[in-house]
Amino acid sequence: MKTIGVAILGLGVVGSGTYKILKEHREFYRRTQNVDISVESVLEINRQRARDLGVEETKISDNIAELISNPSVDIVVEVIGGVEPARTFVLAALHSGKTVVTSNKELFCKYWHELEKAAKRTNAGLYFEASCVGGVPIIRTLIDGMQSNVVNDLTGIINGTTNYILTRMTREGLGYRDALKEAQALGYAEKDPTADVEGFDAAYKLSILASLAFHTKVPLDKVYREGVTDLSPQDIAYGEELGYVLKLLAIGKNDGQKNIEVRVHPAFIRKDHPLASVNDSFNAVFLKGDSVGDIMLYGRGAGALPTGSAIVSDVIYAATHSEPKYATFKNTQTAEQGVKFITDFRSKYYIRFEAKDRPGVLAKVAGIFARYNISIIDLLQKGEDMDTIPIILITHETGEMSVRRAVDKIAQLEDVTEVNSVIRVVG
Ligand code: HSE
């Protein structure tokens with residue numbers, strides 16, 4: 001039976017989950033995969049944490065060079081997160097010919113090209129299933145399961161923290177701050193929640209997923225990004241009345257003519273869309289393949305065992321395949337020549353503004369929309385006998401720039417006291 005030694009860099013939440021799975025399933029993998037996978041070393045400064053997990057004293061290290069030169073280590077699992085020192089450690093492992101398995105989306109989306117180049121130089125494997133959507137096997141689905149399809153559309157809820165926050169705002173009418181505090185108390189959101197709530201985490205993942213889906217480099221700086229910090233429960237409630245649910249979506253589209261759209265932003269989706277029922281900290285990705293049609297993958301996007309599950313699946317893949325498998329496209333440092341990233345994308349829009357309740361106000365607003373060739377689907381006017389009233393409308397599909405210009409003009413109307421929100425509507 002083949003024997004494979006693994007080193008785990010970092011025994012935080014994901015590292016500990018990975019260790020537990022490898023330890024508890026060792027016999028199972030011997031039986032089902034015909035491979036004996038043992039953890040030969042862990043890099044962890046907090047030795048007590050490693051001891052508490054049952055790691056033998058001799059296998060705990062605080063010396064990366066020693067760990068990498070250990071001949072019984074074949075696969076290095078990087079679960080430190082962030083760019084440095086993870087990048088230096090991963091490159092060192094690849095240079096010495098060790099296969100690397102990583103859950104590090106930021107490192108991967110920013111340095112994919114450099115890491116892959118290093119891996120190819122020594123014919124080392126480089127696997128990253130756990131970098132996107134935690135335990136949901138989306139990377140292998142794109143690389144292996146969907147390879148017979150042209151995939152030009154992907155839409156996902158790929159950040160669990162923001163999905164939890166939005167679910168609480170929807171169900172309980174909580175404000176953003178209160179929902180965030182709750183998410184932090186439950187351990188879903190970090191103390192510094194910026195990466196999640198400002199959409200960076202989802203943008204890292206979308207850059208990776210879109211590159212794989214469209215077989216071309218989608219650099220991070222091409223991903224349009226907005227977070228959830230300005231969303232109000234009021235809009236969620238009005239949207240609900242109109243038949244929509246608010247989600248932080250990651251959207252990738254390819255027109256097949258080298259025009260690509262990649263964006264992360266809050267969006268209303270219809271209540272009957274499959275993604276509308278993805279709640280709490282769950283994630284899901286909805287893909288359209290030209291042969292298979294629609295498919296959706298759903299599951300836990302974070303957590304010790306779900307993310308550990310993705311890492312161990314990569315470890316097993318690497319342990320049972322003699323040739324490494326790399327990206328399905330020419331992995332250039334920047335976008336490929338000729339590929340255009342669309343910023344003036346088309347969408348429907350939800351717009352809420354506060355206006356004086358007087359005859360002629362709606363006519364003026366409608367006039368502005370007509371000037372920008374924007375047509376209205378739905379309109380909701382709330383309240384009466386008040387000085388100002390909220391007006392909510394949904395537009396037909398139109399260009400982003402036209403909407404921005406029209407909204408600027410509406411904000412300048414004397415009878416409009418404030419434009420409160422502009423939110424895209426998908427589907
Ligand atoms: N913080 C991420 C999330 C999980 O909330 O989905 C790791 O990417």
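The values are calculated or read from the model by the stated rules, or taken from the named source; none is laboratory data. Everything numeric here is computed off the predicted structure, so don't read it as measured data. A quick note on method: Cβ atoms are made from the backbone with ideal geometry, for glycine too, and the neighbour counts reach across all protein chains shown. With ligands, DNA and RNA removed, areas are computed over all heavy atoms of the protein, side chains included. Shrake-Rupley method; radii C 1.70, N 1.55, O 1.52, S 1.80 Å.
Brief remarks on what is shown
- Cα-based reach from residue 382 at 20 Å (exclusive), listing lysines while leaving out same-chain residues under 8 positions away: 356, 364
- Net charge contributed by nearby residues that have their C-beta within less than 10 Å of residue 327 (K/R +1, D/E -1): +2
- For residue 236, solvent-accessible area (1.4 Å; no DNA, RNA or ligand), Å²: 10 Å²
- ³J(HN,Hα), Karplus 6.51/-1.76/1.60, whole Hz, each residue of region 332-342, x for Gly, Pro: 7, 5, 10, 5, 5, 4, x, 7, 10, 9, 7
- Exposed loop sites here are GluC sites (Glu not before Pro) assigned a DSSP state other than H, G, I, E or B and surrounded by at most 16 other beta carbons within 10 Å; excluding them, the longest clear run of the chain is 191-335.
- Between region 161-201 and region 357-382, the Cα center-to-center distance that results, in Å: 34 Å
- Aspartates and glutamates with Cα under 12 Å of residue 120, excluding same-chain neighbours fewer than 8 positions away: 323
- In this structure residue 376 has an accessible area near 60 Å², from a 1.4 Å probe over the protein heavy atoms.
- Cα centroid separation, region 239-295 to region 306-352 (Å): 17 Å
- Karplus 3J(HN,Hα) series, Hz, for region 295-307 with 6.51 cos²θ - 1.76 cosθ + 1.60 (x for Gly, Pro): 9, 9, 10, 9, x, 7, x, 7, x, 4, 6, x, 6
- Under 5 Å, built H, 5+ apart or other chain: amide partners of residue 242: none
- Loop sites in region 367-406: trypsin sites (Lys or Arg not before Pro), DSSP, at most 16 other Cβ within 10 Å: 382
- Qualifying trypsin sites (Lys or Arg not before Pro) in region 278-344, where qualification requires a DSSP coil assignment and no more than 16 other C-beta atoms within 10 Å, comprise 325, 330.
- Within region 163-287, percent of DSSP bridges classed antiparallel, to nearest 5: 85 percent
- Take every pair of alpha-carbon atoms less than 8 Å apart whose residues are at least six positions apart; their mean separation over the length of the chain yields a relative contact order of 16 percent.
- The share of accessible area on region 1-69 that comes from carbon and sulfur is 47 percent, using a 1.4 angstrom probe.
- C-alpha long axis of helix 13-24 to longest principal axis of the chain, angle in °: 50 degrees
- Under the Karplus curve 6.51 cos²θ - 1.76 cosθ + 1.60, θ = phi - 60°, whole-Hz ³J(HN,Hα) for region 83-97, x wherever Gly or Pro sits: 7, 10, x, 3, 4, 4, 5, 5, 4, 4, 5, 5, 4, 8, x
- Between 0 and 90°, nearest 10: helix 200-214 axis offset from the chain longest Cα axis: 80 degrees
- Residues with amide H under 5 Å from that of residue 39, placed H, sequence gap 5 or more: 6
- Note on residue 148: accessible area is roughly 90 Å² with a 1.4 Å probe, heavy atoms of protein only.
- Residue among 162, 388, 170 with the largest mean-square fluctuation in a Gaussian network model of the chain, springs linking Cα atoms under 10 Å: 388
- Summarising the strand pairing of the chain, around 65 percent of its internal DSSP beta bridges are antiparallel.
- Considering only alpha-carbon pairs that sit under 8 angstrom and 6 or more positions apart, the relative contact order computed for region 346-426 is 51 percent.
- Charge context of residue 216, other residues only, Cβ under 14 angstrom, K/R +1, D/E -1: +3
- Acute angle (nearest 10 degrees) that the helix 105-122 long axis makes with the longest principal axis of the chain, alpha-carbon atoms: 40 degrees
- For region 1-135: accessible area per residue (Å², 1.4 Å): 43 Å²
- Environment charge at residue 317 (Cβ cut-off 12 Å; Lys +1, Arg +1, Asp -1, Glu -1): -2
- Scanning residues 5 or more positions from residue 101 or on other chains, those with amide H under 5 Å from its amide H are 76, 77, 78, 127, with H placed 1.01 Å from N in the peptide plane.
- Rounded Å value of the spacing that divides the Cα centres of region 391-427 and region 39-66: 56 Å
- Solvent-accessible surface of region 346-426, taken per residue with a 1.4 Å probe and all protein chains present: 50 Å².
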